[in-house]
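Asks: Here it is, the structure, as C-alpha cells.
What follows draws every value from the coordinates through simple rules; no lab data is involved. Keep in mind that what you see is a predicted model, and the values were worked out from it rather than measured. Note that we place each Cβ from the backbone using ideal geometry, even for glycine, and neighbour counts take in every protein chain shown.
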Amino acid sequence: MRCRMNEDTGVAYILPWQVSSVVTGGGVGVVEESKHLKFQKCDVVTSFNWPWQSQAIVDGHILTKLDPRLVDGHLSYFLGAVGMPGLTSLLGVREKGHVTPGANQTMVVSGAAGACGMLAGQIGRLEGCSRVVGICGTEEKCRVLVCEMGFDAAINYKQDNIVEKLREYCPAGVDVYFDNVGGDISNTVIGQMNQNSHIILCGQISQYNKDVPYPPPLPPDTKAILKERNIARERFLVLDYSDKHEVGLVLLSQWLKEGKLKVRETVVKGLENIGAGRDPECIPGSGRKPGSTLGSCF
C-alpha cells in the first residue's frame with residue numbers, strides 16, 4: 001500500500017492510487033444486497049481491492065466468499081493471520097525458506113513486529129527452525145516478540161549494534177532470512193549468513209522512498225557474499241501461488257485455533273481516523289471492535 005502512493009508501483013499486478021479516487025486495499029464486509037449469482041445477502045466477503053467506504057457497490061468478480069467459522073467469527077483475522085499476511089508468511093517460508101526439521105537451522109526476520117514478520121517467525125518455528133531471532137524498532141516490540149510470540153531473541157535496530165547482537169543470538173550463523181526491509185539491515189544480516197542459506201525476499205520497505213527498481217540492487221560487497229556463499233535470494237510473490245491459498249488458509253486457521261499462532265492487532269475505530277496516528281481510541285491487542293487493521297478495512 002505504501003508503493004501505491006508512488007506514480008509508478010514498479011509492478012504490473014498492482015496500480016497506483018489515483019488522485020480524487022477512493023483509496024482501496026484489503027477488506028472484509030457483509031453483503032447487504034446482491035445481483036450476483038455467487039453471492040447472497042449476509043455472505044461475508046473479502047477483496048484485495050476493497051474501497052475504503054462504510055458502504056460500497058462493487059463488481060462481484062473482485063470478491064471472495066469467506067467462512068467465518070475459520071476464524072471463530074473474528075473477521076479481522078481474514079486481513080491478517082488467516083489472510084494475505086498469513087499466506088505470505090506461510091508460503092514464503094515453505095517455498096523459499098527451505099526449512100528442514102531437525103537441521104538445527106536459525107531464522108532471522110526483519111520487520112519482525114509487522115503483520116508478516118510476526119507470523120513468519122512463528123511459522124519458521126512450526127516448520128522446524130530451532131532458533132528464531134527478530135529485528136524491530138522498539139523495546140516494547142522486542143518484548144512482545146520474545147515474551148508473547150515465542151522468538152528466542154529480538155534486536156532493536158535503533159539502539160543495538162546489529163552485528164554484535166547477531167553474533168550473540170545466532171552463534172552458528174543464519175540459515176534462513178525473512179527479509180521485509182532491505183537496505184543496511186539486510187546487508188548486515190547477509191554478512192552473517194551461512195553457506196547455501198536462503199533469503200525470503202518478502203519486502204524492502206526501507207527502499208520504497210527511493211527511485212530504484214524492485215528488488216533494489218545490492219552493494220557490490222553484499223553481492224559478492226551471495227555469490228561466494230551460494231546464498232539464494234529470489235523475489236517472492238504470494239499471488240504466484242494461488243493454487244495453494246485455500247489449503248494454506250485452512251492450516252493457518254487450525255494453528256490459530258490450536259494456539260500455535262499468536263496474533264496482535266491494532267484497531268482504530270472509524271475510517272475517518274485512518275492515518276491520524278495513535279489516539280486514545282486505539283485499542284491494542286486483539287479486540288473485536290470494528291475499525292481498520294494494519295492498513296486494511298474491516
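Asks: Projecting each Cα onto the charge dipole of the chain (Lys/Arg +1, Asp/Glu -1 at the beta carbon, about the Cα centre), which of Asn156, Gln40, Gln192 comes out farthest on the positive side?
Replies: The one lying farthest along the dipole's positive direction is Gln40.
Asks: Going out from 0 in 5 Å bins, what whole percent of all Cα-Cα distances in region 100-238 drops into each bin?
Replies: Taking all Cα pairs of region 100-238, the binned fractions are 2, 11, 22, 25, 22, 13, 5, 1, 0 percent.
Asks: Now for a different question. Say each of Lys244 and Asn156 gets a label point 7 Å from the Cα, pointing the same way as Cα to Cβ; how far apart are those two points in nm?
Replies: In this crude label model, Lys244 to Asn156 measures out at 3.6 nm.
Asks: Run the reach check for Lys38 against aspartates and glutamates, Cα to Cα strictly under 15 Å, same-chain hits fewer than 8 apart removed. What comes back?
Replies: Straight-line reach from Lys38, under 15 Å: Asp59, Asp67.
Asks: Additional query: Express the relative contact order of region 112-161 as a whole percentage, based on alpha carbon pairs under 8 Å and six or more residues apart in sequence.
Replies: Normalised by residue count, the contact order of region 112-161 is 35 percent.
Asks: Which links in Lys65/Lys262; Lys65/Lys244; Lys158/Lys210; Lys65/Lys141; Lys141/Lys165; Lys96/Lys260 stretch past 28 Å when you go from one Cα to the other?
Replies: Over 28 Å apart, Cα to Cα: Lys65/Lys141.
Asks: Considering only Ala172, Ala120, Ala103, give the residue with the highest GNM mean-square fluctuation for the chain, with springs between Cα atoms whenever their separation is below 10 Å.
Replies: Ala103
Asks: Over region 35-135, what per residue volume does the convex hull of the Cα atoms give, in whole Å³?
Replies: Value for region 35-135: 131 Å³ per residue.
Asks: Related question: I need the Kirkwood Rh of region 104-168: take the reciprocal of the average 1/r across all distinct C-alpha pairs and report it in angstrom.
Replies: 11.4 Å
Asks: Once phi is turned into θ = phi - 60°, what whole-Hz ³J(HN,Hα) does the Karplus curve with 6.51, -1.76 and 1.60 give for every residue of region 116-122, x standing for Gly and Pro?
Replies: 7, x, 5, 7, 4, x, 5
Asks: Please compute the contact order of the chain in relative form: average sequence separation of alpha-carbon pairs under 8 Å and at least six residues apart, divided by the residue count, as a percent.
Replies: About 16 percent, as a whole number.
Asks: Right, something else. Tell me, what ³J(HN,Hα) does each residue in region 145-159 have, in order and in whole Hz, if you take phi through Karplus 6.51 cos²θ - 1.76 cosθ + 1.60 with θ = phi - 60° and put x for Gly and Pro?
Replies: Karplus values, whole Hz, x for Gly and Pro: 4, 7, 7, 10, 9, x, 5, 6, 7, 9, 10, 8, 5, 7, 10.
Asks: Given the Cα-Cα distance of Val19 and Val163 and 0.36 nm per residue of separation, how much length would full extension add, in nm?
Replies: 47.5 nm
Asks: What is the gain in length, in nm to one decimal, between Gln195 and Ser54 on full extension, counting 0.36 nm per residue of separation less the C-alpha to C-alpha distance?
Replies: 45.6 nm
Asks: Just the Cα atoms of the chain: what Rg and Dmax do they give in Å?
Replies: Rg then Dmax for the chain, in Å: 19.5, 61.
Asks: A further question on this structure: Amide H to amide H under 5 Å from Val132: which residues, 5+ apart in sequence or cross-chain, H placed 1.01 Å off N in plane?
Replies: The list, which skips near neighbours in sequence, is Met107, Asp152, Ala153.
Asks: Next question, about the same structure. Counting pairs of alpha carbon atoms under 8 Å apart in space and at least six apart in sequence, what relative contact order in percent does region 8-137 give?
Replies: Answer for region 8-137 is 16 percent.
Asks: If you don't mind, there's one more thing I want to ask. Within the set of other residues whose C-beta is less than 9 Å from the C-beta of Ile199, count the net charge using Lys and Arg as +1 and Asp and Glu as -1.
Replies: The answer is 0.
Asks: Hey, another quick one. Mind checking the dipole of the chain: about its Cα centre, +1 per Lys or Arg Cβ, -1 per Asp or Glu Cβ, Debye to the nearest 20?
Replies: In debye, rounded to 20, the chain gives about 320.
Asks: Which peptide among 132-144, 66-78 comes first, and what is the full order, when sorted by highest mean count of other Cβ atoms within 10 Å?
Replies: 132-144, 66-78
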